[in-house]
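One structure below.
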Amino acid sequence: AIAELRTAMSIRPDDPSQKFLLGRAYLAARRVDEAMAMFDLAIEMRPGPTALNNAAYELALANVRLDRAESYARAAIEAVMSQLRRVSADSAGFQQFAATSSLAAYWDTLAWILFQRGDIEQAERYARAAWQLAQRRVIGEHLAAILDRQGQAVEARRIYSLAADGRAVPAAGIGHAPDPEAPAGRGAQQAARLGLLALRTVRVSRGPA
């Protein structure tokens, strides 16, 4: 993969995505210094919170250079927060909604970095905030893993069931999801779907007629 990506990068030297992909391949090969060089080039060519977060997340998954990963993740969060601080009801639009969605991913990245570093309390704080903002499967899985590490096995299984709609086998250490084909499993699946629906529902009063 490294050889092919180096060829692709030579064909498209101005494409930062090629450098990012090569950095991922170097990480997989545990060639960390070369991976960092590629990530830095990709960020330099296309600066912004997305590039910072993507590099931070790959480092977190590989559990290497966590200090650098944390600095990337916090920079990405601050960039988005700076943008959202200026939002008013009149100015909110697609870009602002997209930025809010991105913020959940960036909080999740920081949570996983902190988890890898052993700061479980702060990891839960960011993972729970990310989950409350966006109930995406990977965010729920991360939160469940963090809760399980804290010894909160019942809550971890509940979050995992919500994240997976009660269908999939949990990640190692989280417990067992019910068989979706069994009556009890179908009930758990329906409960998980209703739980997700409740999380995603905002109730408002009708007001005076």
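Values computed for the structure shown
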| read-out | value |
| --- | --- |
| Some residue of the stretch 142-160 being free of Cβ contacts under 8 Å to residues at least 40 places away in the same chain, part of a helix (DSSP H, G or I) and of a type in the set (S, T, N, Q) | no |
| Test: residue in the stretch 39-48 that is in contact with a Phe, Trp or Tyr (Cβ under 6 Å, 6 or more places away or on another chain), farther than 18 Å from residue 71 by Cα and either in a helix (DSSP H, G or I) or at pLDDT below 95 (or both) | no |
| Residue tally, condition within 15 Å of the chain's Cα centre (by Cα) and open to solvent by less than 40 Å² (accessible area, probe 1.4 Å), over the stretch 51-79 | 15 |
| Yes/no for residue 47 being open to solvent by less than 20 Å² (accessible area, probe 1.4 Å) and either more than 19 Å from the chain's Cα centre (by Cα) or free of Cβ contacts under 8 Å to residues at least 40 places away in the same chain (or both) | no |
| Residue within the stretch 3-14 that is part of a helix (DSSP H, G or I), small (Gly, Ala, Ser) and within 28 Å of residue 95 (Cβ to Cβ) present | no |
| Number of the exception - residue 41 against (1) free of Cβ contacts under 8 Å to residues at least 24 places away in the same chain; (2) in contact with a Pro (Cβ under 9 Å, 6 or more places away or on another chain) | (1) |
| Residue match in the stretch 86-104 (condition: of a type in the set (Gly, Ala, Ser), closer than 30 Å to residue 143 by Cα and touching a Phe, Trp or Tyr at 6+ places or on another chain (Cβ under 6 Å)) | no |
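The values are calculated or read from the model by the stated rules, or taken from the named source; none is laboratory data. Not measured: the values here are computed from a predicted model. In this analysis, Cβ positions are derived from the backbone assuming ideal geometry, glycine residues included, and neighbour counts consider all displayed protein chains. Just the protein is used for accessible areas: all its heavy atoms, side chains included, with ligands, DNA and RNA removed. Shrake-Rupley method; radii C 1.70, N 1.55, O 1.52, S 1.80 Å.
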